[in-house]
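S.K.: If you scroll down you'll find the structure; I have some questions about it.
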Amino acid sequence: MTIGMTSRYARSQELFAAAQQLLPGGVNSPVRAFRSVGGTPIFVQRGAGPHFWDADGNRYIDYVLSWGPLILGHAHPAVVEALAQQVTQGTSYGAPTELENQLAELVIEMVPGIEMVRMVNSGTEATMSALRLARAFTERPKIIKFSGCYHGHADMLLVQAGSGVATLGLPDSPGVPSGATAHTLVAEYNDLEAVRALFKDHGPEIAAVIVEPVAGNMGLVLPEAGFLQGLRDITREAGSLLIFDEVMTGFRVAPGGAQSVWNIDPDLTCLGKVIGGGLPVGAYGGKRAIMEKVAPAGPMYQAGTLSGNPLAMVAGLVTLQQIRRAGAFEQIANHTAALADGLRTAAEAAGIPLQVGHLGSMFGAYFLKEAGQRITDYRSARQYADPQQYARFFWLMAARGVYLAPSQFEAGFVSLAHGEAEIVETVTAAREALAELA
Ligand code: KE4
């Protein structure tokens, strides 16, 4: 029996069979296809608070939360009310609205490095536009990204790091011509020496370094001491821009993002996910002198039919206002820490090597092939993590009503709606699941 293929998921299996005739791989985004955990994707029927129910009526505590956006949980009453109110006024005008001013003001107030911001419709648009802006502002062609960091699917960013610590980018997706990645340089995350080497060889041509300040797309990997400040120092000295891709970490590792945790001042910041509260929103922002290069203030072109639309603006506004309320973020962070401690203790009791990390409302757990290994970058993640063991854990937890990311190389998220009861239920399920794996 393939794991995950039981009658518990019969309706999901039917829906997936139909979906595969209609959508490539049966999904609208690859990671949802469960390729790395096997079995059939669980189809969701509805969500409420920390839970969702699948097409077979099974209830789960949800730690994916739409891959980060739902920091208030599913269908938060304040978000529902704001959307219900706004939708009667229209859904989009293609014209400026006060709501865009309001969300922009709030983002500028909350994110230290942002003096001016442009709303777009996804994280991909945010990073793609920020990199175009960096190239326009510096009049340089090259960019540096880090292996294992994901910044959306723009051509120049779909690059497979070479075997060395730094290499010229080679496209890793068909359809990306070599010219699109010829100026994309790749280094290992947490490897400042690799970055210095690239600047030594290419410094005057490097427009920007783009980094996930906490890596959440190779599993969860925290920056080593001095890494982020090192990037800030190196880029400033070289006249290149530092871009923090906070699409995932923004408002999640702290209300002011990772830049407020490590007190780093990036030139540009990319946002997404939480800023839309579950509706499609991305944003890029930063120093005024740079942002004023963006059309129509300046010559760098970027546009979007639904950018800043009122439904997405109100969902984002209400979401950010709710997490700013006294004690809200601390509550989420405390529950995340309790979850991480519970997973660590349960793994120790079962004698299973598990690397658990967390910061703010994000967490990650790597099943290690051997005890004592430590994952600090994509190379060690690929070498030491055990995706098969993770897949078994994923399905054992799903059977107990806990929905984790369907991939070892993703992060987990906690919401304001997750209470102590959900954390206790999750840790209990993990203890049972890990005992089965031992
Ligand atoms: P979107 O284009 O998917 O809105 O954002 C791209 C993006 C940019 N930067 C970071 C740091 C991101 O994590 C993402 C998107 N994250 C993935 C989950 N790891 C989205 C899930 C998916 O692709 O379906």
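The values are calculated or read from the model by the stated rules, or taken from the named source; none is laboratory data. Because the structure is predicted, anything quoted here is derived from the model rather than measured. A quick note on method: Cβ atoms are made from the backbone with ideal geometry, for glycine too, and the neighbour counts reach across all protein chains shown. When the accessible area is computed, the model is the full protein with side chains, heavy atoms only, and any ligands, DNA or RNA have been set aside. Shrake-Rupley method; radii C 1.70, N 1.55, O 1.52, S 1.80 Å.
S.K.: Being part of a loop (DSSP other than H, G, I, E, B) and under 23 Å from MET110 (Cβ atoms) is the filter here, so list the residues in the range 270-305 that pass it. Give the steps one after another, and end with the answer.
M.R.: Start the filter on the range 270-305 by keeping residues that are part of a loop (DSSP other than H, G, I, E, B), which leaves 272, 278, 280-281, 287, 292-293, 295-299, 301-305.
Listed by number, the residues that qualify are GLY272, GLY278, PRO280, VAL281, LYS287, GLU292, ALA297, GLN302, GLY304.
S.K.: Tell me which strands (runs of 3 or more DSSP E) are completely within the range 51-124 and hold 2 or more residues being assigned by TED's automatic domain parsing to the domain that holds ALA398 and either closer than 30 Å to ALA429 by Cβ or hydrophobic (A, V, I, L, M, F, W, C) (or both), or say none if there are none.
M.R.: 51-54, 59-62
S.K.: Which one of these is out of contact with any Leu (no Cβ under 7 Å at 6 or more places or on another chain) and more than 27 Å from LEU70 (Cβ to Cβ): ALA391, ALA399, ALA349?
M.R.: On the way: ALA391 fails: more than 27 Å from LEU70 (Cβ to Cβ); ALA399 fails: more than 27 Å from LEU70 (Cβ to Cβ).
Among ALA391, ALA399, ALA349, only ALA349 is out of contact with any Leu (no Cβ under 7 Å at 6 or more places or on another chain) and more than 27 Å from LEU70 (Cβ to Cβ).
The rows are residues; the columns are (1) open to solvent by less than 10 Å² (accessible area, probe 1.4 Å); (2) within 27 Å of GLY257 (Cα to Cα).
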| position | (1), (2) |
| --- | --- |
| GLY357 | no, yes |
| SER361 | yes, yes |
| ALA365 | no, yes |
| MET397 | yes, no |
| ARG400 | no, no |
| TYR403 | no, yes |
| ALA411 | yes, yes |
| ALA421 | no, no |
| LEU437 | no, no |
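S.K.: I would also like to ask the following. Counting only residues that are polar (S, T, N, Q) and open to solvent by 10 Å² or more (accessible area, probe 1.4 Å), which one in the range 237-287 is farthest from the ligand (Cβ to nearest atom)?
M.R.: In the first step, residues of the range 237-287 are kept if they are polar (S, T, N, Q); the result is 240, 249, 259-260, 263, 269.
Filter once more, keeping what is open to solvent by 10 Å² or more (accessible area, probe 1.4 Å): 260, 263.
Details: SER260: 17, ASN263: 20 Å.
Filtering the range 237-287 for residues that are polar (S, T, N, Q) and open to solvent by 10 Å² or more (accessible area, probe 1.4 Å), the one farthest from the ligand (Cβ to nearest atom) comes out as ASN263.
S.K.: Just wondering, is there one or more residues in the range 335-346 that are acidic (Asp, Glu), surrounded by fewer than 23 Cβ atoms within 10 Å (Cβ to Cβ), more than 23 Å from the chain's Cα centre (by Cα) and modelled with pLDDT of 95 or more?
M.R.: Within the range 335-346, not a single residue is acidic (Asp, Glu), surrounded by fewer than 23 Cβ atoms within 10 Å (Cβ to Cβ), more than 23 Å from the chain's Cα centre (by Cα) and modelled with pLDDT of 95 or more.
S.K.: Against the condition over 23 Å from the mean Cα position of the chain (by Cα) and within 16 Å of ILE71 (Cβ to Cβ), how does GLY327 come out, does it pass?
M.R.: For GLY327, the condition - over 23 Å from the mean Cα position of the chain (by Cα) and within 16 Å of ILE71 (Cβ to Cβ) - is met.
S.K.: For the range 134-142, check the following and say yes or no: at least one residue is in a helix (DSSP H, G or I) and under 19 Å from the mean Cα position of the chain (by Cα).
M.R.: There is no residue in the range 134-142 that is in a helix (DSSP H, G or I) and under 19 Å from the mean Cα position of the chain (by Cα).
S.K.: So, in the range 21-49, how many residues would count as being of a type in the set (A, V, I, L, M, F, W, C) and open to solvent by less than 30 Å² (accessible area, probe 1.4 Å)?
M.R.: 5
S.K.: Collect the residues in the range 26-47 that are small (Gly, Ala, Ser), part of a loop (DSSP other than H, G, I, E, B) and closer than 20 Å to GLY277 by Cα, keeping them in residue-number order.
M.R.: Across the range 26-47, the qualifying residue is only SER29.
S.K.: Filtering the range 50-74 down to residues that are more than 16 Å from the ligand (Cβ to nearest atom) and under 17 Å from GLY276 (Cβ atoms), which residue is most open to solvent (accessible area, probe 1.4 Å)?
M.R.: HIS74
S.K.: Something else: Among (1) within 16 Å of the ligand (Cβ to nearest atom); (2) under 30 Å from PHE394 (Cβ atoms); (3) open to solvent by 10 Å² or more (accessible area, probe 1.4 Å), which single condition is GLU330 missing?
M.R.: Going through the list (1) within 16 Å of the ligand (Cβ to nearest atom); (2) under 30 Å from PHE394 (Cβ atoms); (3) open to solvent by 10 Å² or more (accessible area, probe 1.4 Å), GLU330 breaks only (1).
S.K.: Taking the range 345-401 only, how many residues are within 17 Å of GLU212 (Cα to Cα), charged (D, E, K, R) and outside any helix (DSSP H, G or I)?
M.R.: Here the count works out to 1.
S.K.: Quick one: how many residues across the range 244-263 are under 10 Å from PRO213 (Cβ atoms), in contact with a helix residue (DSSP H, G or I) (Cβ under 7 Å, 6 or more places away or on another chain) and in contact (Cβ under 8 Å) with a residue 60 or more places away in the chain?
M.R.: Count: 7.
S.K.: Quick one: which residue in VAL159, VAL111, VAL80 is modelled with pLDDT of 95 or more, within 16 Å of the ligand (Cβ to nearest atom) and β-branched (Val, Ile, Thr)?
M.R.: VAL111
S.K.: Also: State all residues of the range 168-218 that are within 16 Å of the ligand (Cβ to nearest atom) and of a type in the set (Gly, Ala, Ser); if no residue qualifies, say none.
M.R.: SER173, ALA208, ALA215, GLY216
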